[in-house]
1. Can you say whether residue 51 is surrounded by fewer than 17 Cβ atoms within 10 Å (Cβ to Cβ), modelled with pLDDT under 95, closer than 18 Å to residue 29 by Cβ and within 16 Å of the chain's Cα centre (by Cα), as far as the supplied structure shows?
2. Could you count how many residues in segment 60-101 are out of contact with any strand residue (DSSP E or B) (no Cβ under 9 Å at 6 or more places or on another chain), in a helix (DSSP H, G or I) and in contact (Cβ under 8 Å) with a residue 60 or more places away in the chain?
3. Output the residues belonging to segment 118-129 that are more than 18 Å from residue 94 (Cβ to Cβ) and either under 19 Å from the mean Cα position of the chain (by Cα) or touching a residue at least 60 places away in the same chain (Cβ under 8 Å) (or both).
4. Failed condition for residue 45, given (1) within 27 Å of residue 127 (Cα to Cα); (2) modelled with pLDDT under 95; (3) in a loop (DSSP other than H, G, I, E, B), with all others met?
5. Filter segment 107-117 down to the residues that are under 16 Å from residue 139 (Cα atoms) and not in a loop (DSSP other than H, G, I, E, B), then identify the one that is farthest from the chain's Cα centre (by Cα).
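The values are calculated or read from the model by the stated rules, or taken from the named source; none is laboratory data. In this text, all values refer to a predicted model and were calculated from it rather than measured experimentally. So basically every Cβ, Gly included, is an ideal-geometry build from the backbone, and we count neighbours across all protein chains shown.
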């Protein structure tokens, strides 16, 4: 056996176990993009883990979760979403409503995105229609905006003589300007 043949054989034998390990399917990664601080939304993370567990996915065993928290600094969301896209996660799930969902949607047109928003996802540009979302985003629309009028009606019924009713909003939370002017 010549020297070059020996080196090729020995090198191939050393690389073979590495190649075999490299072909082992990797664990899917769920990207969790959140606008608020982790401490305030831990219960949602628990719900995500429970939902995964119900479908046979257990964090650390057969699925990994990459967490990206903006800690209420909404301007950080695009960079955090880009990190998840760069990590090549299998899916991005968002917490914190419209800002996180829009950041994820802007970061990728191919990675599936799951969102929950209070405003119309068609109007926001997250999906093309409610019946057939198309694209890579899907989610849940909470009817909180529509329910505000009903809540005010109920307050008026319970307290008909109230002269002033106040509404508290987080002014740092980005919202559609036509509904919530600043």
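1. On the way: surrounded by fewer than 17 Cβ atoms within 10 Å (Cβ to Cβ): yes; modelled with pLDDT under 95: yes; closer than 18 Å to residue 29 by Cβ: yes; within 16 Å of the chain's Cα centre (by Cα): yes.
Judged against the criteria, residue 51 is a match.
2. 2
3. Here is the first cut: in segment 118-129, the ones more than 18 Å from residue 94 (Cβ to Cβ) are 128-129.
Within segment 118-129, 128 is the sole residue that qualifies.
4. It is condition (3) that residue 45 fails.
5. Out of the qualifying residues, it is 117.
This table checks each residue for (1) touching a helix residue (DSSP H, G or I) at 6+ places or on another chain (Cβ under 6 Å); (2) on the phi > 0 side of the Ramachandran plot; (3) loosely packed, with under 15 Cβ neighbours inside 10 Å.
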| position | (1), (2), (3) |
| --- | --- |
| 99 | yes, no, no |
| 103 | yes, no, no |
| 109 | no, no, yes |
| 117 | yes, no, no |
| 122 | no, no, yes |
| 130 | no, no, yes |
| 134 | no, yes, yes |
| 153 | no, no, yes |
| 159 | no, no, yes |
